[in-house]
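*Asks:* Below are the C-alpha coordinates for one structure; questions will follow.
The values are calculated or read from the model by the stated rules, or taken from the named source; none is laboratory data. Because the structure is predicted, anything quoted here is derived from the model rather than measured. All Cβ positions, even for glycine, are placed from backbone atoms using ideal geometry, and neighbour counts span all protein chains on display. Just the protein is used for accessible areas: all its heavy atoms, side chains included, with ligands, DNA and RNA removed. Shrake-Rupley method; radii C 1.70, N 1.55, O 1.52, S 1.80 Å.
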Amino acid sequence: MGPNEKKFKDIPNTIITYKKNDGYAYYLSSSRSHFEAMEIYINDIPFKKYYNSDNDAALFSINDYILKSGTQTVRIKYISESGNPFRVDFTSSIDLKTLKIGQEFSSAESELVYETPTITNRDNPDYQDFAGAGLMVFEDQFTFEAEVPYHFTSWTESQDLTKLKPEQLEKEVVAAHQNIIDICKQKDRETLFGMFYQSEFEKTQSKYFDKELFDKFTGGYSFVLEDPSVKFYPLENYEVKIYGHGKVVALESTKNKGDYAIRFDNTGTDRRTGKKVDITSYFKILFHKPKGSNTLVPIR
(Lines give C-alpha, C1' and ligand atoms only; values in the text may rest on other atoms or scores of the structure.)
Protein backbone atom coordinates (compact mmCIF):
# COMPACT_ATOMS: atom_id res chain seq x y z
CA MET A 1 0.00 0.00 0.00
CA GLY A 2 2.59 2.48 1.10
CA PRO A 3 1.77 4.86 3.94
CA ASN A 4 0.57 8.39 3.35
CA GLU A 5 2.87 10.10 5.88
CA LYS A 6 0.70 13.23 6.16
CA LYS A 7 -2.53 11.33 6.65
CA PHE A 8 -1.04 8.98 9.27
CA LYS A 9 1.23 11.49 11.03
CA ASP A 10 -0.76 11.13 14.28
CA ILE A 11 -0.17 7.37 14.42
CA PRO A 12 2.94 6.35 16.42
CA ASN A 13 4.93 4.83 13.60
CA THR A 14 8.57 5.21 14.58
CA ILE A 15 10.41 2.04 13.68
CA ILE A 16 12.72 1.00 16.51
CA THR A 17 15.89 -0.88 15.73
CA TYR A 18 16.41 -3.28 18.61
CA LYS A 19 19.86 -4.28 19.79
CA LYS A 20 21.06 -7.87 19.84
CA ASN A 21 20.66 -8.26 23.60
CA ASP A 22 17.19 -6.74 23.75
CA GLY A 23 15.22 -9.94 23.32
CA TYR A 24 14.39 -13.03 21.30
CA ALA A 25 12.45 -14.08 18.26
CA TYR A 26 10.29 -17.17 18.82
CA TYR A 27 9.19 -19.84 16.34
CA LEU A 28 6.79 -22.72 16.79
CA SER A 29 6.32 -25.96 14.86
CA SER A 30 3.95 -28.86 15.48
CA SER A 31 3.54 -32.48 14.42
CA ARG A 32 1.11 -35.32 15.04
CA SER A 33 1.04 -39.02 14.22
CA HIS A 34 -2.47 -39.19 12.76
CA PHE A 35 -3.89 -36.24 10.85
CA GLU A 36 -6.92 -35.64 13.00
CA ALA A 37 -7.92 -31.99 13.33
CA MET A 38 -5.73 -29.79 15.52
CA GLU A 39 -6.22 -26.21 16.67
CA ILE A 40 -3.47 -24.19 18.37
CA TYR A 41 -4.06 -20.98 20.33
CA ILE A 42 -1.39 -18.67 21.72
CA ASN A 43 -2.56 -16.47 24.58
CA ASP A 44 -6.14 -17.33 23.56
CA ILE A 45 -5.66 -16.05 20.01
CA PRO A 46 -6.01 -18.60 17.17
CA PHE A 47 -2.61 -19.45 15.71
CA LYS A 48 -3.11 -22.46 13.43
CA LYS A 49 -6.08 -24.70 12.62
CA TYR A 50 -5.54 -27.93 10.69
CA TYR A 51 -8.53 -29.78 9.25
CA ASN A 52 -9.16 -32.28 6.44
CA SER A 53 -5.76 -33.92 6.98
CA ASP A 54 -3.95 -30.61 6.52
CA ASN A 55 -0.50 -30.56 8.03
CA ASP A 56 2.46 -28.22 8.11
CA ALA A 57 5.66 -29.00 9.98
CA ALA A 58 7.23 -25.62 9.14
CA LEU A 59 8.45 -23.21 11.79
CA PHE A 60 6.24 -20.16 12.13
CA SER A 61 7.16 -16.89 13.81
CA ILE A 62 4.95 -16.27 16.86
CA ASN A 63 6.25 -12.95 18.21
CA ASP A 64 3.12 -11.17 17.01
CA TYR A 65 1.16 -13.33 19.48
CA ILE A 66 3.45 -12.22 22.32
CA LEU A 67 2.47 -8.79 23.64
CA LYS A 68 5.05 -8.52 26.42
CA SER A 69 7.72 -10.44 28.31
CA GLY A 70 6.65 -13.13 30.75
CA THR A 71 4.58 -16.30 30.73
CA GLN A 72 2.89 -17.23 27.45
CA THR A 73 0.13 -19.85 27.25
CA VAL A 74 -0.34 -22.27 24.36
CA ARG A 75 -3.60 -24.24 24.20
CA ILE A 76 -4.02 -27.25 21.89
CA LYS A 77 -7.30 -28.82 20.86
CA TYR A 78 -7.43 -32.17 19.05
CA ILE A 79 -10.66 -33.16 17.28
CA SER A 80 -11.40 -36.53 15.72
CA GLU A 81 -12.50 -36.17 12.11
CA SER A 82 -12.55 -39.88 11.37
CA GLY A 83 -15.75 -40.46 13.33
CA ASN A 84 -13.87 -42.75 15.69
CA PRO A 85 -12.42 -41.96 19.12
CA PHE A 86 -8.71 -41.26 19.38
CA ARG A 87 -6.49 -44.32 19.33
CA VAL A 88 -4.09 -45.20 22.13
CA ASP A 89 -1.10 -44.62 19.83
CA PHE A 90 -1.98 -41.03 18.91
CA THR A 91 0.94 -38.68 19.59
CA SER A 92 1.66 -35.03 19.00
CA SER A 93 4.45 -32.63 19.87
CA ILE A 94 5.36 -28.95 19.61
CA ASP A 95 8.84 -27.49 19.29
CA LEU A 96 9.92 -23.97 20.18
CA LYS A 97 12.94 -22.30 18.58
CA THR A 98 14.43 -19.17 20.14
CA LEU A 99 16.67 -16.77 18.29
CA LYS A 100 18.57 -13.78 19.65
CA ILE A 101 17.98 -10.60 17.69
CA GLY A 102 20.57 -10.53 14.91
CA GLN A 103 21.51 -14.19 15.38
CA GLU A 104 21.78 -16.52 12.39
CA PHE A 105 18.72 -18.76 12.13
CA SER A 106 20.85 -21.89 11.82
CA SER A 107 22.32 -21.32 15.29
CA ALA A 108 18.99 -20.85 17.07
CA GLU A 109 18.23 -23.04 20.06
CA SER A 110 15.40 -25.56 19.66
CA GLU A 111 13.58 -27.42 22.39
CA LEU A 112 10.64 -29.78 22.69
CA VAL A 113 8.14 -27.88 24.81
CA TYR A 114 5.13 -30.17 24.55
CA GLU A 115 4.20 -33.81 24.03
CA THR A 116 0.73 -35.27 24.35
CA PRO A 117 0.26 -36.69 27.86
CA THR A 118 0.12 -40.44 28.38
CA ILE A 119 -1.22 -42.89 30.92
CA THR A 120 -0.02 -46.41 31.70
CA ASN A 121 -1.75 -49.13 29.74
CA ARG A 122 -3.88 -51.16 32.17
CA ASP A 123 -3.31 -54.41 30.30
CA ASN A 124 0.39 -53.91 29.66
CA PRO A 125 2.22 -51.63 32.12
CA ASP A 126 5.20 -51.48 29.77
CA TYR A 127 3.20 -49.32 27.33
CA GLN A 128 1.99 -45.74 27.58
CA ASP A 129 -1.33 -44.78 25.98
CA PHE A 130 -2.49 -41.36 24.79
CA ALA A 131 -4.38 -39.75 27.69
CA GLY A 132 -7.18 -38.77 25.29
CA ALA A 133 -7.71 -42.29 23.92
CA GLY A 134 -11.42 -43.08 23.59
CA LEU A 135 -12.41 -39.39 23.34
CA MET A 136 -13.58 -37.44 20.31
CA VAL A 137 -12.10 -34.14 21.56
CA PHE A 138 -9.04 -33.61 23.75
CA GLU A 139 -7.64 -30.29 25.01
CA ASP A 140 -4.39 -29.51 26.77
CA GLN A 141 -2.05 -26.56 27.30
CA PHE A 142 1.46 -25.58 28.30
CA THR A 143 3.35 -22.37 29.06
CA PHE A 144 6.74 -20.94 28.23
CA GLU A 145 8.65 -17.81 29.21
CA ALA A 146 9.37 -15.11 26.62
CA GLU A 147 11.74 -12.16 26.73
CA VAL A 148 10.90 -9.30 24.35
CA PRO A 149 11.84 -5.60 24.35
CA TYR A 150 8.35 -4.29 23.53
CA HIS A 151 5.06 -4.09 25.44
CA PHE A 152 1.78 -3.72 23.53
CA THR A 153 -1.60 -3.42 25.26
CA SER A 154 -3.45 -4.08 21.95
CA TRP A 155 -6.76 -5.79 22.78
CA THR A 156 -5.97 -6.56 26.44
CA GLU A 157 -7.67 -3.37 27.64
CA SER A 158 -10.53 -3.53 25.15
CA GLN A 159 -14.22 -4.06 25.87
CA ASP A 160 -15.59 -7.42 26.97
CA LEU A 161 -17.55 -8.59 23.93
CA THR A 162 -19.25 -11.37 25.89
CA LYS A 163 -21.40 -8.69 27.53
CA LEU A 164 -23.06 -7.87 24.21
CA LYS A 165 -26.16 -9.74 23.11
CA PRO A 166 -25.05 -12.49 20.69
CA GLU A 167 -27.36 -11.28 17.91
CA GLN A 168 -26.05 -7.70 18.26
CA LEU A 169 -22.42 -8.84 18.20
CA GLU A 170 -23.06 -10.98 15.12
CA LYS A 171 -24.68 -8.05 13.35
CA GLU A 172 -21.69 -5.81 14.09
CA VAL A 173 -19.10 -8.45 13.14
CA VAL A 174 -20.80 -9.26 9.84
CA ALA A 175 -21.05 -5.53 9.03
CA ALA A 176 -17.33 -5.06 9.81
CA HIS A 177 -16.39 -7.91 7.47
CA GLN A 178 -18.70 -6.67 4.72
CA ASN A 179 -17.15 -3.23 5.04
CA ILE A 180 -13.71 -4.66 4.33
CA ILE A 181 -15.01 -6.53 1.29
CA ASP A 182 -16.65 -3.34 0.00
CA ILE A 183 -13.46 -1.32 0.53
CA CYS A 184 -11.48 -3.90 -1.44
CA LYS A 185 -14.02 -3.93 -4.27
CA GLN A 186 -13.91 -0.13 -4.41
CA LYS A 187 -10.08 -0.24 -4.61
CA ASP A 188 -9.97 2.26 -1.75
CA ARG A 189 -6.31 1.94 -0.88
CA GLU A 190 -6.13 4.75 1.69
CA THR A 191 -9.13 3.54 3.70
CA LEU A 192 -7.89 -0.05 3.75
CA PHE A 193 -4.42 1.05 4.77
CA GLY A 194 -5.78 3.30 7.51
CA MET A 195 -7.82 0.43 8.92
CA PHE A 196 -4.86 -1.95 9.24
CA TYR A 197 -1.95 0.45 9.71
CA GLN A 198 -1.70 0.31 13.49
CA SER A 199 -2.11 -3.46 13.71
CA GLU A 200 0.45 -4.02 10.96
CA PHE A 201 2.84 -1.60 12.66
CA GLU A 202 2.68 -3.56 15.91
CA LYS A 203 3.11 -6.85 14.08
CA THR A 204 6.26 -5.71 12.29
CA GLN A 205 7.67 -4.17 15.48
CA SER A 206 7.21 -7.47 17.31
CA LYS A 207 9.16 -9.19 14.54
CA TYR A 208 11.97 -6.60 14.70
CA PHE A 209 11.51 -5.31 11.16
CA ASP A 210 13.49 -2.29 10.01
CA LYS A 211 11.94 0.59 8.04
CA GLU A 212 12.57 -1.09 4.68
CA LEU A 213 10.93 -4.37 5.73
CA PHE A 214 8.04 -2.50 7.34
CA ASP A 215 7.24 -0.58 4.14
CA LYS A 216 7.42 -3.81 2.14
CA PHE A 217 5.24 -5.70 4.63
CA THR A 218 2.46 -3.12 4.68
CA GLY A 219 2.07 -3.60 0.96
CA GLY A 220 0.75 -7.10 1.55
CA TYR A 221 -2.85 -6.26 0.71
CA SER A 222 -2.03 -4.66 -2.63
CA PHE A 223 -2.78 -7.76 -4.70
CA VAL A 224 -6.42 -7.77 -3.52
CA LEU A 225 -6.78 -4.21 -4.80
CA GLU A 226 -4.77 -4.61 -8.00
CA ASP A 227 -5.42 -8.16 -9.21
CA PRO A 228 -8.46 -8.11 -11.54
CA SER A 229 -8.97 -11.85 -11.05
CA VAL A 230 -9.92 -11.41 -7.36
CA LYS A 231 -13.60 -12.25 -6.84
CA PHE A 232 -15.08 -12.19 -3.33
CA TYR A 233 -17.62 -14.73 -2.12
CA PRO A 234 -20.76 -13.57 -0.31
CA LEU A 235 -20.59 -13.72 3.48
CA GLU A 236 -22.36 -16.97 4.32
CA ASN A 237 -21.90 -20.25 6.21
CA TYR A 238 -20.19 -18.55 9.13
CA GLU A 239 -20.15 -18.56 12.92
CA VAL A 240 -19.06 -15.97 15.46
CA LYS A 241 -16.13 -17.00 17.68
CA ILE A 242 -14.85 -15.03 20.67
CA TYR A 243 -11.19 -15.16 21.71
CA GLY A 244 -8.68 -13.07 23.65
CA HIS A 245 -10.43 -13.80 26.95
CA GLY A 246 -13.63 -12.25 25.67
CA LYS A 247 -12.10 -9.24 23.93
CA VAL A 248 -11.50 -10.48 20.38
CA VAL A 249 -14.04 -11.73 17.85
CA ALA A 250 -13.76 -13.59 14.54
CA LEU A 251 -16.13 -14.77 11.83
CA GLU A 252 -15.18 -18.30 10.83
CA SER A 253 -16.37 -20.56 8.06
CA THR A 254 -18.62 -23.48 8.99
CA LYS A 255 -18.29 -25.00 5.52
CA ASN A 256 -14.49 -24.91 5.32
CA LYS A 257 -13.33 -25.71 8.83
CA GLY A 258 -10.22 -23.84 9.86
CA ASP A 259 -10.88 -21.02 7.38
CA TYR A 260 -12.36 -17.58 7.93
CA ALA A 261 -15.45 -15.94 6.48
CA ILE A 262 -13.89 -13.53 3.95
CA ARG A 263 -13.11 -15.81 1.03
CA PHE A 264 -12.15 -14.97 -2.54
CA ASP A 265 -11.02 -16.58 -5.77
CA ASN A 266 -8.09 -15.40 -7.83
CA THR A 267 -5.97 -16.75 -10.67
CA GLY A 268 -2.40 -17.78 -9.96
CA THR A 269 0.43 -19.61 -11.71
CA ASP A 270 1.47 -23.17 -10.92
CA ARG A 271 5.21 -23.03 -10.19
CA ARG A 272 5.83 -26.49 -11.61
CA THR A 273 3.81 -26.29 -14.83
CA GLY A 274 3.59 -22.54 -15.41
CA LYS A 275 -0.13 -22.92 -16.11
CA LYS A 276 -2.81 -20.62 -14.76
CA VAL A 277 -4.79 -22.11 -11.88
CA ASP A 278 -7.78 -20.97 -9.85
CA ILE A 279 -7.01 -20.39 -6.17
CA THR A 280 -9.40 -19.90 -3.27
CA SER A 281 -8.02 -17.93 -0.34
CA TYR A 282 -9.30 -16.26 2.79
CA PHE A 283 -8.53 -13.30 5.06
CA LYS A 284 -7.85 -14.11 8.70
CA ILE A 285 -9.18 -11.00 10.42
CA LEU A 286 -9.92 -10.64 14.12
CA PHE A 287 -11.56 -7.59 15.68
CA HIS A 288 -11.64 -5.88 19.06
CA LYS A 289 -13.55 -2.89 20.35
CA PRO A 290 -11.22 -0.36 22.07
CA LYS A 291 -12.31 1.33 25.27
CA GLY A 292 -14.76 4.15 24.65
CA SER A 293 -15.39 3.09 21.05
CA ASN A 294 -18.45 1.60 19.38
CA THR A 295 -16.44 0.42 16.38
CA LEU A 296 -14.83 -2.96 15.81
CA VAL A 297 -11.18 -2.55 14.85
CA PRO A 298 -8.87 -5.19 13.32
CA ILE A 299 -6.10 -6.59 15.51
CA ARG A 300 -2.83 -8.14 14.41
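*Asks:* Please determine, by comparing only the residues of segment 174-194 that are surrounded by fewer than 18 Cβ atoms within 10 Å (Cβ to Cβ) and either among the aliphatic types (A, V, I, L, M) or not assigned by the TED database to the domain that holds Pro290 (or both), which one is nearest to Ile262 (Cα to Cα).
*Replies:* So the residue we want is Val174.
*Asks:* Considering only residues that are under 27 Å from the mean Cα position of the chain (by Cα) and of a type in the set (A, V, I, L, M), look in segment 92-132 and name the one that is surrounded by the fewest Cβ atoms within 10 Å (Cβ to Cβ).
*Replies:* Restricting to residues being under 27 Å from the mean Cα position of the chain (by Cα) and of a type in the set (A, V, I, L, M), the top hit is Leu112.
*Asks:* Next up: Please pick out the residue among Lys203, Lys257, Lys216 that is assigned to a helix (DSSP H, G or I), surrounded by 15 or more Cβ atoms within 10 Å (Cβ to Cβ) and outside the structural domain of Pro46 (by the TED database).
*Replies:* After ruling out the rest, the residue left standing is Lys203.
*Asks:* Continuing with this model, one more query. Can you tell me which condition Thr267 does not meet? The list is (1) surrounded by 14 or more Cβ atoms within 10 Å (Cβ to Cβ); (2) over 21 Å from the mean Cα position of the chain (by Cα); (3) in a strand (DSSP E or B), and all the others hold.
*Replies:* Every listed condition holds for Thr267 apart from (1).
*Asks:* When you look at Pro234, is it farther than 26 Å from Asp54 by Cα, out of contact with any helix residue (DSSP H, G or I) (no Cβ under 6 Å at 6 or more places or on another chain) and either open to solvent by 50 Å² or more (accessible area, probe 1.4 Å) or not hydrophobic (A, V, I, L, M, F, W, C) (or both), yes or no?
*Replies:* The answer is no for Pro234.
*Asks:* Still on this model: Looking only at segment 20-57, count every residue that is part of a strand (DSSP E or B), open to solvent by less than 40 Å² (accessible area, probe 1.4 Å) and not aromatic (Phe, Trp, Tyr) and tell me the total.
*Replies:* Looking only at that region, the number is 13.
*Asks:* Does Lys216 meet the test of being touching a strand residue (DSSP E or B) at 6+ places or on another chain (Cβ under 9 Å) and farther than 19 Å from Val297 by Cα?
*Replies:* So Lys216 does not fit the description; no.
*Asks:* Among the candidates Tyr208, Tyr197, single out the residue that is open to solvent by less than 60 Å² (accessible area, probe 1.4 Å), in contact (Cβ under 8 Å) with a residue 24 or more places away in the chain, assigned to a helix (DSSP H, G or I) and over 22 Å from Asp259 (Cβ atoms).
*Replies:* Going through Tyr208, Tyr197 in turn, just one is open to solvent by less than 60 Å² (accessible area, probe 1.4 Å), in contact (Cβ under 8 Å) with a residue 24 or more places away in the chain, assigned to a helix (DSSP H, G or I) and over 22 Å from Asp259 (Cβ atoms): Tyr197.
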